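K.L.:
Before I ask anything, here is the structure I am working with.
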Amino acid sequence: MLKVGVVGVGSISQYHIEPYQSNANVDLVAFCDVNEERLKEKGEKYNVDQLYTDYRELLQNGAIDAVSICTWNNSHAEIAVAALEAGKHVLVEKPLSITVEEAERVQEAAERTGKVVQVGFVRRHGDNAKLLKTFIDQGELGEIYYAKASCLRRLGNPGGWFSDMTKSGGGPLIDLGVHMIDISWYLMGRPRPISVSGNTYNKLGNRSHINNLSFYQAADYDPSLNDVEDLTNAMIRFENGASLIVDVSFTLQALKNEVSVKLFGDKGGAEIEPELAMVTEKNSTILNITPQIDSLIFDFEKAFQNEINHFVACCLDGTENIAPVSDGVEVMKMLNAVYESAKTGKEVYL
């Protein structure tokens, strides 16, 4: 049995807590949160009675083998390093940190302690991504030389800590773009990034005056607080000559929300969002291919269950980690380079 504690029991934590409870090899023993009311509520809901308001005290519990970190972005690295030094395995929500230097400190601690660090790149664990990767690994797309990814919300700034730069480290790029960049880069074979050119825009604010459409709001939603970007776009070049174009927004004058991830190779292409599809050519004919699987779309809850199951297997059985800390560092390099390029107006070389 893997004895697990969860640090931070806000909204994202349920996608860790419930999959842990569904895994027969896990004993969920402790929660930690600075909000005592929320902590008590979640403890009662999930029948967890070891409750802490200071993560350091939770880490002193020698019975705990592993922790999930579901806190604000600015605390991910600090808690991860402390957990590793306390002898715990770590599953840390994306992004790994808010700076490259912090990410590298987590990597150094992981290497020094020999403990598992899995980064919460949940889209890697979707059934659609896992299937597509088997085709890619067998060479069905050939050399993937171009990818394009978008996650555009026309009205969707969650507010609260998401829109507070000191807590989040940024806006849609670090919240949504981390997913878009990571899943594209992962399926492209994780080529080494060499340069980044990006733009950020602060034009619309959080559009809290719009009242005819609903959207997800953080528990601490406050429309008066918003110092993050509305929109980011970027082009990333890789050492192997491939390139990735990405754009993400919290608010945009768009007709509808859009999520898309497209990969283009010299033997075939694929889309994984909004649903899985592939294209190839045979006998001088272009073929659009629809895989016959239970669901062609990204199943959020199933992907989190897969992610938690994978983390448990890595901790207990030594299963190879498909979202290691080293990948978290590389993604942070790309994210930070986009922000640096936008700030300086110049291409950034890595």
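The values are calculated or read from the model by the stated rules, or taken from the named source; none is laboratory data. These numbers were taken from a predicted model, which means no experiment stands behind them. Because the Cβ atoms are built from the backbone with ideal geometry, glycine has one as well, and the counts that use them run over all protein chains shown.
K.L.:
Residues to consider are Phe238, Phe162; find the one that is closer than 20 Å to Lys94 by Cβ, aromatic (Phe, Trp, Tyr) and in contact (Cβ under 8 Å) with a residue 12 or more places away in the chain.
P.N.:
Phe162
K.L.:
Does Leu287 satisfy being in the same structural domain as Gly177 (by TED's automatic domain parsing), of a type outside the set (Lys, Arg) and either part of a loop (DSSP other than H, G, I, E, B) or loosely packed, with under 12 Cβ neighbours inside 10 Å (or both)? Step through it out loud before you land on a result.
P.N.:
Working: in the same structural domain as Gly177 (by TED's automatic domain parsing): yes; of a type outside the set (Lys, Arg): yes; either part of a loop (DSSP other than H, G, I, E, B) or loosely packed, with under 12 Cβ neighbours inside 10 Å (or both): yes.
When the stated conditions are applied, Leu287 passes them.
K.L.:
When the stretch 11-31 is examined, which residues are found to be in contact with a helix residue (DSSP H, G or I) (Cβ under 7 Å, 6 or more places away or on another chain), small (Gly, Ala, Ser) and buried (at least 18 other Cβ atoms within 10 Å of the Cβ)?
P.N.:
Ala30
K.L.:
Still on this structure, please answer the following. Go through the stretch 135-169 and count every residue that is of a type outside the set (A, V, I, L, M, F, W, C) and within 14 Å of Val246 (Cβ to Cβ). Steps first, answer last, please.
P.N.:
Keep residues of the stretch 135-169 that are of a type outside the set (A, V, I, L, M, F, W, C), which gives 137-140, 142-143, 145-146, 148, 150, 153-154, 156-160, 163-164, 166-169.
With the extra rule that they be within 14 Å of Val246 (Cβ to Cβ), the set shrinks to 146, 148, 150.
Looking only at that region, the number is 3.
K.L.:
On to the next question. Among what's in the stretch 258-288 and is of a type in the set (S, T, N, Q) and more than 19 Å from the chain's Cα centre (by Cα), pick the residue that is nearest to Ile136 (Cα to Cα). Walk me through it before giving the result.
P.N.:
Of the stretch 258-288, the ones of a type in the set (S, T, N, Q) are 260, 280, 283-285, 288.
Next, from what is left, pick out any that are more than 19 Å from the chain's Cα centre (by Cα): 280, 283-285, 288.
Numbers: Thr280: 12, Asn283: 21, Ser284: 22, Thr285: 21, Asn288: 16 Å.
Step by step, filter the stretch 258-288, then rank; the result is Thr280.
K.L.:
Same structure again: Which residues, taken from the stretch 163-174, are assigned to a helix (DSSP H, G or I), within 14 Å of Ala218 (Cα to Cα) and more than 14 Å from the chain's Cα centre (by Cα)?
P.N.:
Answer for the stretch 163-174, where residues must be assigned to a helix (DSSP H, G or I), within 14 Å of Ala218 (Cα to Cα) and more than 14 Å from the chain's Cα centre (by Cα): Ser163, Lys167.
K.L.:
OK, next. In the stretch 185-217, which residue that is within 21 Å of the chain's Cα centre (by Cα) and farther than 23 Å from Val338 by Cβ is surrounded by the most Cβ atoms within 10 Å (Cβ to Cβ)?
P.N.:
Gln217
K.L.:
Looking at the stretch 35-63 only, could you name the residues that are exposed (fewer than 14 other Cβ atoms within 10 Å of the Cβ) and among the hydrophobic types (A, V, I, L, M, F, W, C)?
P.N.:
Passing the criteria: only Ala63.
K.L.:
Kindly state which helices (runs of 4 or more DSSP H) lie completely within the stretch 74-154 and contain at least 1 residues that are among the charged types (D, E, K, R), surrounded by fewer than 19 Cβ atoms within 10 Å (Cβ to Cβ) and not assigned by TED's automatic domain parsing to the domain that holds Tyr55.
P.N.:
Working: elements: 76-85, 100-113, 127-137.
Once the helices (runs of 4 or more DSSP H) in the stretch 74-154 are filtered for at least 1 residues that are among the charged types (D, E, K, R), surrounded by fewer than 19 Cβ atoms within 10 Å (Cβ to Cβ) and not assigned by TED's automatic domain parsing to the domain that holds Tyr55, what remains is 127-137.
K.L.:
Every residue in the stretch 235-268 that is part of a strand (DSSP E or B) and in contact with a Phe, Trp or Tyr (Cβ under 9 Å, 6 or more places away or on another chain), please.
P.N.:
Let us first name the residues in the stretch 235-268 that are part of a strand (DSSP E or B), namely 235-238, 243-249, 251, 258-265, 268.
Passing the criteria: Ile236, Phe238, Ser243, Leu244, Ile245, Ser249, Val259, Lys262, Leu263, Phe264, Gly265, Gly268.
K.L.:
Here are the criteria: (1) more than 11 Å from Val7 (Cβ to Cβ); (2) free of Cβ contacts under 8 Å to residues at least 60 places away in the same chain; (3) over 21 Å from the mean Cα position of the chain (by Cα); (4) not in a loop (DSSP other than H, G, I, E, B). Tell me which single one Arg56 does not satisfy.
P.N.:
It fails just one condition, (1).
K.L.:
When you go through (1) at pLDDT below 95; (2) under 27 Å from Gln107 (Cα atoms) one by one for Cys314, which number turns out not to apply?
P.N.:
The failed condition is (1).
K.L.:
Ok, one more. Residue check, Val312 against (1) in a strand (DSSP E or B); (2) crowded, with 17+ Cβ neighbours inside 10 Å, all met but one. Which one?
P.N.:
The number of the failed condition is (1).
K.L.:
Out of all the residues in the stretch 255-272, which are touching a residue at least 40 places away in the same chain (Cβ under 8 Å) and among the charged types (D, E, K, R)?
P.N.:
Initial filter on the stretch 255-272 (touching a residue at least 40 places away in the same chain (Cβ under 8 Å)): 255-270, 272.
Those that are touching a residue at least 40 places away in the same chain (Cβ under 8 Å) and among the charged types (D, E, K, R): Lys256, Glu258, Lys262, Asp266, Lys267.
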